[in-house]
Amino acid sequence: MKVSNLKKSDCTICSIEGEINLNTSPDLRKAFEEFSRQNIKKIIIDFEQVPYIDSSGLATLIELFQRMKKIDGKLRICSVPEKVKNVFEVTKLHKLFEIYDDQESALEGF
Amino acid sequence: MEEKEVIISLRNVSKYFQGKKIIDNISLDIYRSETFVIMGCSGSGKSTLLRLMTGVIEPDEGSVIIKGKNITGISVEELDDVRRSFGMLFQYSALLDSLTVEENVSLPLREHTKLAEDIIRIIVKMKLSLVGLRGYESYYPSQISGGMRKRVGLARAIALDPAIVFYDEPTSGLDPVVGGVIDKLIKDLSSKLLITSVVVTHDMQSVFNIADRVAMVHKGQVVIVGDVATIKNTKNPYVQQFINGKPHGPIDFFKEDIGIKEFLEL
């Protein structure tokens with residue numbers, strides 16, 4: 001799994017590439033912790049290149065969501081493949097996260 | 001038509017206990033994300049079949065193939081690896097009474113992963129939410145009902161996102177309504193999370209509620225495999241006697257019993 005960040009004005013777009021599972025989610029957590037250290041308050045997570053996410057990946061995302069809430073930050077998710085979207089829906093997390101079709105629509109009014 | 005992916009395959013499997021053939025040359029394929037029910041009378045060999053599939057015991061003849069890997073005769077380490085893709089719901093839930101609901105569900109995560117405590121705590125909440133037990137984290141097994149304990153057991157069984165969950169008599173000892181709740185959960189996990197469910201039961205209501213396909217085992221052999229309609233409509237006298245709970249028929253408990261003289265060794 002690879003994580004790359006792109007700054008767009010005051011927003012950070014985090015693109016993830018590869019499966020998020022028990023082996024890779026600790027690395028994702030480290031990447032997310034870096035956001036807190038840098039006090040980044042607006043984050044878009046791009047899931048376009050994520051074919052699979054397991055419960056540890058979802059939990060890592062929830063933890064980021066909780067942290068962002070604490071600092072009054074904003075988190076958006078975009079470009080979620082159908083298979084991953086199903087996992088969000090089964091776990092009802094689609095109601096928790098703001099999910100957008102693509103980066104452009106996620107950036108709109110952010 | 002889309003080819004179905006075989007996830008569990010038994011090839012000519014036989015098992016003997018004390019010289020008696022308990023499983024007799026069974027070959028069976030179970031497909032990904034289906035709910036496959038194994039039914040049969042007590043002593044028919046259905047639980048032995050489950051133990052063979054989970055690698056608890058090895059066949060004396062034939063092979064058991066899980067996700068393309070023959071688990072017969074592999075090392076303990078390799079078997080542990082395969083088992084990590086299983087979840088198991090035991091007949092009596094097998095929760096540890098001295099641990100809370102949260103601690104019970106988190107056990108496999110603590111044992112098999114190096115995830116941070118905060119992450120484990122969130123996963124446990126997610127799993128408890130999936131089985132409808134949000135808010136019960138701090139309860140002890142003795143403080144909740146039998147049906148709830150089963151659901152905690154199920155949350156623990158799916159803690160590691162298994163590809164396959166094995167259920168041993170999941171509705172036994174539960175009232176019909178709670179049994180129906182467990183049935184719905186099994187069905188939901190299969191359809192939504194694409195988990196393959198292998199259920200051993202003799203609860204006919206449960207069979208008809210959840211099964212995509214059913215196998216009936218009698219005297220260590222598979223009598224029939226088919227969908228629910230096939231099972232209901234078959235003229236096979238063993239199946240008809242079993243599903244209708246008739247005391248008399250080809251499944252004759254008394255005929256197999258040894259006489260009193262032999263029993264007393266006279």
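Before moving on, here are some points about what is shown:
- Separation in nanometres of the label points that stand 7 Å from Cα toward Cβ, at A:ASP27 and B:LYS232: 5.1 nm
- Interface residues in the range A:57-106 - accessible area drops by 50 Å² or more relative to the isolated chain, probe 1.4 Å: A:ALA59, A:VAL90
- Applying 0.36 nm per residue to the separation of B:ASP24 and B:GLU103 and subtracting their alpha-carbon distance, the gain on full extension is 24.4 nm.
- What separates the Cα centres of the range B:141-220 and the range A:49-110 is a distance of 31 Å.
- When the other protein chains are added to the chain by itself, burial of at least 30 square angstrom of heavy-atom accessible area (probe 1.4 Å, ligands and nucleic acids ignored) affects these residues of the range A:5-47: A:LEU22, A:ARG29.
- Rounded percent of accessible protein surface that carbon and sulfur make up, the range B:89-141, 1.4 Å probe: 51 percent
- Chain B, relative contact order in percent, only Cα pairs under 8 angstrom and at least six apart counted: 24 percent
- Excluding ligands, DNA and RNA, the accessible surface per residue across the range B:1-102 is 51 Å² with a 1.4 Å probe.
- Excluding ligands, DNA and RNA and using a 1.4 Å probe, chains A and B jointly bury around 1200 Å² of accessible surface, summed across both partners.
- Anchor B:LYS219: lysines whose Cα lies under 22 Å away (excluding residues fewer than 8 positions away in-chain): B:LYS15, B:LYS20, B:LYS21, B:LYS46, B:LYS232, B:LYS235, B:LYS246, B:LYS255
- Net charge contributed by nearby residues that have their C-beta within less than 14 Å of A:LEU107 (K/R +1, D/E -1): -2
- Label-point separation, B:TYR140 to B:PHE17 (7 Å along Cα→Cβ), nm: 3.4 nm
- Rounded FRET efficiency, nearest 0.05, which uses the C-beta distance separating B:ALA94 from B:LEU194 and R0 of 30 Å: 0.75
- Cβ charges +1 (Lys, Arg) and -1 (Asp, Glu), total dipole of the protein assembly as shown, debye: 600 debye
- Chain A - accessible surface per residue (Å², probe 1.4 Å): 52 Å²
- Fraction of accessible area attributable to carbon and sulfur, the range A:2-107 (%, probe 1.4 Å): 47 percent
- Using just its DSSP H runs of length 4 or more, each adding -39500 (n - 2.57), chain A gives a mean residue ellipticity at 222 nm of -11500 deg cm²/dmol after division by all residues.
- Taken residue by residue and averaged, Cβ atoms of other chains lying within 10 Å of the Cβ of B:115-127 number 5.
The values are calculated or read from the model by the stated rules, or taken from the named source; none is laboratory data. Model, not experiment: these values are computed from the prediction. All Cβ positions, glycine included, derive from the backbone under ideal geometry; neighbour counts span all protein chains shown. Calculation scope for accessible area: heavy atoms of the full protein, side chains included, ligands and nucleic acids excluded. Shrake-Rupley method; radii C 1.70, N 1.55, O 1.52, S 1.80 Å.
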